[in-house]
Structures are given as C-alpha cells and as structure tokens.
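Step one of this worksheet: look at the structure below.
The values are calculated or read from the model by the stated rules, or taken from the named source; none is laboratory data. Everything numeric here is computed off the predicted structure, so don't read it as measured data. Cβ placement follows ideal geometry from the backbone for every residue including glycine, while neighbour counts extend to all protein chains displayed. Calculation scope for accessible area: heavy atoms of the full protein, side chains included, ligands and nucleic acids excluded. Shrake-Rupley method; radii C 1.70, N 1.55, O 1.52, S 1.80 Å.
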Amino acid sequence: MTSPSASPRPDPARGTASQEGRLAEGMAALANLGWQFLLTMGLATIALGVIALVWPGETLRVVGVLFGVYLLATGVFQLAAAFGTHVPRHLRVLHFITGAVSILLGLICFRGTMESVLLLALWIGFSWLLRGTTETVAAASVQDMPARGWHVAFGIIGAMAGIVMIVMPFASIATLTLVVGVMAIVLGLTEVVRAIRTRVEIGQPAGGTATRRRSLFHVRPHPQH
C-alpha cells in the first residue's frame, strides 16, 4: 500500500522527448541563420563584383588605400616587435628595417592612385614569383610528392604571372581587377544558390510555434480501471 504523500516518479521518456525537441529547435534555428548568412554574403559578393566591373578605377583607388593601411599597420607591428623583450637582438634590426620600409611604402600609397597601384602590383608580382619558384623547386626536388606534375605546372604558371605583373604592373592590375570582378560575381551566385537550396531543404524557418507530436507509446488507462 502506497503512502498518499509519496511524490510521483519522473517519466524518463517525457524528459528525453523534451530534450530532443529543444535540440531539434536549436538545430533548425542554426540552419535558418546559416542560409540567411549565405544569402547575405552572396549578395554582397555579387555587389562587389559588379562594382569592380563597372567602376574599375574607383575599385583600384579603394584597394590602393586599403593596401596602404595594411602596410602602415604591418610597419607599426614590426617596429613594436623590434623593441620587444622577447625578440632576439640579431632580429631587432631586421624587424626595425622591415617596419620602417613598410611604413614608408604605406605613406607613398596615400600620395595617389598611381603610386598605390604600382606598389600593389609589384607586391603581388614578387609574391607570385617567389611562391611559384618555391613550389616548382620543391616539387622538382621531391620525387615522391603527390600530384607532383600539378605542383610543377602551378608553380611555373604562378612564377610567369608574377613576372608579367612586375614587367607590366598597370595593365596587369587592371586585368586582375576585371578577373576578380567576374570571379566575385560567380562566387556570389554560387552562394545565393546554396542559400536557396538550404532554405528549401530546411522547410519553414524556425521562428513559429512548434507543434508537439503525441508519443506513439503513450499508455491510456483502460476503461474498466
């Protein structure tokens, strides 16, 4: 005979169902935010690509200013690292020279569009040349490298693109701007398509009221009891 003051035992099936419901609502909300983020980024990327194609001169001017800001920030950090206590003495001079040159080049970028575009083209050209040469030498020296032929081909193409960028900086940077604009539009359209597909897959957004489903294993009391 049970005591009337005894508390009822918690139903583990009901607690598990509520936890699964909250988890499903959280996953639905996360998926809802995911497709909205993809759609926003896709539209923004398309807008940037259109701007780069319609106004290439203005795009280069903005990119040149951003490149100058990047050089200034890099130079400041290099100078700060030169006077840091954790830097060895034989590296302080190198950090100081690199920081001073970066700040000087950053200030040159703010003098005009031509200077910033020239420095940006040379920066990209030397980076591609160095990376392509390094990749080609590494692939040629390692016989058992996976996809060795592709690494050699990409290294040679990168080095040649770097040489073209250095020899013809203004024409190359203008062509690069058009290529970047087209690629941005293509990538933006891809993100928009992914967002729409994700939206279709998840169904209705997780913002409304969730309908509770009755458990199939719910035991009803017998009419005779």
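Being modelled with pLDDT under 85 and over 28 Å from the mean Cα position of the chain (by Cα) is a property that holds for residue 91. Of all residues assigned to the range 94-104, none qualifies as being under 24 Å from residue 56 (Cα atoms), part of a helix (DSSP H, G or I) and open to solvent by 100 Å² or more (accessible area, probe 1.4 Å). Scanning the range 140-159 for residues being open to solvent by 60 Å² or more (accessible area, probe 1.4 Å) and either assigned to a helix (DSSP H, G or I) or modelled with pLDDT of 85 or more (or both) gives a total of 7.
Going through (1) part of a helix (DSSP H, G or I); (2) farther than 30 Å from residue 48 by Cβ; (3) not hydrophobic (A, V, I, L, M, F, W, C) one by one, residue 75 falls short only on (2). Taking the range 165-174 as the range and being open to solvent by less than 80 Å² (accessible area, probe 1.4 Å) and either free of Cβ contacts under 8 Å to residues at least 60 places away in the same chain or farther than 26 Å from residue 45 by Cβ (or both) as the test, the residues that pass are 165, 166, 169, 171, 172. Scanning the range 54-72 for residues that are assigned to a helix (DSSP H, G or I) and open to solvent by 70 Å² or more (accessible area, probe 1.4 Å) returns 54, 58, 61, 62, 66, 69, 70. Among the residues of the range 105-139, the ones that are open to solvent by 60 Å² or more (accessible area, probe 1.4 Å), among the β-branched types (Val, Ile, Thr) and more than 27 Å from residue 160 (Cβ to Cβ) come to 0 in all. The single condition among (1) at pLDDT 85 or above; (2) under 30 Å from residue 196 (Cα atoms); (3) open to solvent by 70 Å² or more (accessible area, probe 1.4 Å) that residue 76 does not meet is (2). The condition of being open to solvent by less than 50 Å² (accessible area, probe 1.4 Å) and either over 30 Å from residue 196 (Cβ atoms) or modelled with pLDDT of 80 or more (or both) does not hold for residue 21. Going through (1) open to solvent by 80 Å² or more (accessible area, probe 1.4 Å); (2) part of a helix (DSSP H, G or I); (3) closer than 29 Å to residue 66 by Cβ one by one, residue 162 falls short only on (1).
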